[in-house]
Amino acid sequence: MRAPVTDLLHDAVRDFASLPPFRDYVDAERILVVATRGRAGLEGKRAACHFTRFSDSRQRVSADGRWELPVLCLHGRDMRYVISFVLPRFLFLSPREQAEDVAHELLHIDRAFDGTAAPLCHGRAFESLVRSLADRAAESGIALPELARPGEIISYHRLRPLPQPYRRADPAARRRYDERDLVLARLLFDPAEREPPPPRYVYECPACGERYPRQRRLRMASCGSCSSTYDGRFKLRLV
Ligand SMILES: [Zn+2]
Ligand SMILES: [Zn+2]
């Protein structure tokens, strides 16, 4: 059995963290790399960066004092960020797209490396930085390895549940996570999962006949073409 995909991804994070500007402030050993199981198809989130400090207070407690972020400690080491990759979607990407996604998530890390989010938000400037970082990585010979072959069973580390902000007043909230919360999961890399799953429900407008394929059941929904707000005359019906 090959190394868990999340280990290979952590190696890639380490490689990217050795490039400027990341090498000045990113400590890859304080980034936890995990994966989550996503739906089939290429649409949707491919990776995410999770923070351990709020930007408004730069602390685990939000500026208004109502929310707190859990402690994330792995083998005694305080983790600052969690980068999660969505499988199998990420496996279908080209090496270039994968490199851009790794650069993208690292760009969400603040230069203080204190667990907060960088102030730069998604947009054109962000995307052009991502591309130039992927270029720089390629020039430096940094590339993601082949993560999985079609039909192969791969393993990955997952953290379940992912550490989430909790209300400070909630006595039942999870306040601390450690290596015992990491589970080694397996996944068959099925090439058929490149395609999105067929819709489970198809709804139709009784007036204009427009069809709405959906993965989930709709309750109070009417046709968006016939009325911009909910209108019972155009209530969608299941076909
Ligand atoms: Zn992002
Ligand atoms: Zn309609």
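Take the residues in segment 33-56 that are more than 16 Å from ligand 1 (Cβ to nearest atom) and open to solvent by less than 30 Å² (accessible area, probe 1.4 Å); name whichever of them is nearest to Ala118 (Cα to Cα).
Filtering first and then ranking leaves Thr52.
If I ask for residues that are without any contact (Cβ under 8 Å) to a residue 12 or more places away in the chain, of a type in the set (Lys, Arg) and closer than 17 Å to Arg53 by Cα, which ones from segment 98-142 would you list?
Selection gives nothing.
In the set Asp15, Asp56, which member is without any contact (Cβ under 8 Å) to a residue 60 or more places away in the chain and either closer than 21 Å to Val102 by Cα or not in a helix (DSSP H, G or I) (or both)? Please lay out each step first, then the result.
On the way: Asp15 fails: without any contact (Cβ under 8 Å) to a residue 60 or more places away in the chain.
Within the list Asp15, Asp56, the selection yields Asp56.
Is it the case that Leu120 is closer than 30 Å to Asp78 by Cα, away from ligand 2 (no atom under 16 Å from the Cβ) and surrounded by 15 or more Cβ atoms within 10 Å (Cβ to Cβ)?
For Leu120, the condition - closer than 30 Å to Asp78 by Cα, away from ligand 2 (no atom under 16 Å from the Cβ) and surrounded by 15 or more Cβ atoms within 10 Å (Cβ to Cβ) - is not met.
For segment 32-91: of the residues being of a type in the set (Val, Ile, Thr) and closer than 23 Å to His157 by Cα, which is farthest from the chain's Cα centre (by Cα)?
Here is the first cut: in segment 32-91, the residues of a type in the set (Val, Ile, Thr) are 33-34, 36, 52, 61, 71, 82-83, 86.
Filter once more, keeping what is closer than 23 Å to His157 by Cα: 33-34, 36, 52, 71, 82-83, 86.
Numbers: Val33: 11, Val34: 9, Thr36: 8, Thr52: 15, Val71: 20, Val82: 9, Ile83: 7, Val86: 6 Å.
Here the answer is Val71.
With Leu87, Leu72, Leu91 as the choices, which residue is touching a residue at least 12 places away in the same chain (Cβ under 8 Å) and in contact with a Gly (Cβ under 8 Å, 6 or more places away or on another chain)? Walk me through it before giving the result.
Working: Leu72 fails: in contact with a Gly (Cβ under 8 Å, 6 or more places away or on another chain); Leu91 fails: in contact with a Gly (Cβ under 8 Å, 6 or more places away or on another chain).
None of the other options fit; the residue is Leu87.
Kindly evaluate Val130 against the criterion of being of a type in the set (A, V, I, L, M, F, W, C) and within 30 Å of Arg176 (Cα to Cα). Full working, then the answer.
Values: of a type in the set (A, V, I, L, M, F, W, C): yes; within 30 Å of Arg176 (Cα to Cα): no.
Here the answer is no, as Val130 does not meet what is asked.
Hey, among Leu218, Leu162, Leu187, which residue is within 16 Å of ligand 1 (Cβ to nearest atom) and out of contact with any Ser or Thr (no Cβ under 6 Å at 6 or more places or on another chain)?
Working: Leu218 fails: within 16 Å of ligand 1 (Cβ to nearest atom); Leu187 fails: within 16 Å of ligand 1 (Cβ to nearest atom).
Matching residue, one of Leu218, Leu162, Leu187: Leu162.
Within the bounds of segment 189-204, is there any residue that is among the hydrophobic types (A, V, I, L, M, F, W, C), away from ligand 2 (no atom under 16 Å from the Cβ) and touching a residue at least 12 places away in the same chain (Cβ under 8 Å)? Steps first, please.
Keep residues of segment 189-204 that are among the hydrophobic types (A, V, I, L, M, F, W, C), which gives 189, 192, 202.
Checking the rest, the ones that are also away from ligand 2 (no atom under 16 Å from the Cβ) come to 189, 192.
Now narrow it down to the ones that are touching a residue at least 12 places away in the same chain (Cβ under 8 Å): 189, 192.
Taking every residue of segment 189-204 in turn, at least one turns out to be among the hydrophobic types (A, V, I, L, M, F, W, C), away from ligand 2 (no atom under 16 Å from the Cβ) and touching a residue at least 12 places away in the same chain (Cβ under 8 Å).
What pairs can you find where one residue is in segment 28-46 and at negative phi, the other is of a type in the set (Gly, Ala, Ser), and their Cβ atoms are less than 7 Å apart, with a gap of 6+ or different chains?
Listed by first residue and then by second, the contacts come to Ala28/Ala17; Val34/Ser84; Ala35/Ser84; Thr36/Ser84; Gly38/Gly44.
Can you tell me how many residues in segment 176-222 are assigned to a loop (DSSP other than H, G, I, E, B), open to solvent by 60 Å² or more (accessible area, probe 1.4 Å) and not acidic (Asp, Glu)? Spell out the reasoning first.
Taking segment 176-222 first, the residues assigned to a loop (DSSP other than H, G, I, E, B) are 189-190, 195-200, 205-210, 215-221.
Among the residues that remain, those that are also open to solvent by 60 Å² or more (accessible area, probe 1.4 Å) are: 195-196, 198-200, 207-208, 210, 216-217, 219-220.
Adding the requirement that they be not acidic (Asp, Glu) leaves 196, 198-200, 207-208, 216-217, 219-220.
Residues that pass the stated criteria total 10.
Out of Asp7, Asp64, I need the residue that is at pLDDT 95 or above, open to solvent by 60 Å² or more (accessible area, probe 1.4 Å), charged (D, E, K, R) and in a loop (DSSP other than H, G, I, E, B). Which one?
Working: Asp7 fails: in a loop (DSSP other than H, G, I, E, B).
Step by step, each of Asp7, Asp64 is checked, and only Asp64 is at pLDDT 95 or above, open to solvent by 60 Å² or more (accessible area, probe 1.4 Å), charged (D, E, K, R) and in a loop (DSSP other than H, G, I, E, B).
The values are calculated or read from the model by the stated rules, or taken from the named source; none is laboratory data. Just so it is clear, the model here is predicted, and its values are computed rather than measured. FYI the Cβ positions are ideal-geometry reconstructions off the backbone, even for glycines, and counts take in every protein chain you see. Accessible surface areas use protein heavy atoms only, side chains included; no ligands, DNA or RNA. Shrake-Rupley method; radii C 1.70, N 1.55, O 1.52, S 1.80 Å.
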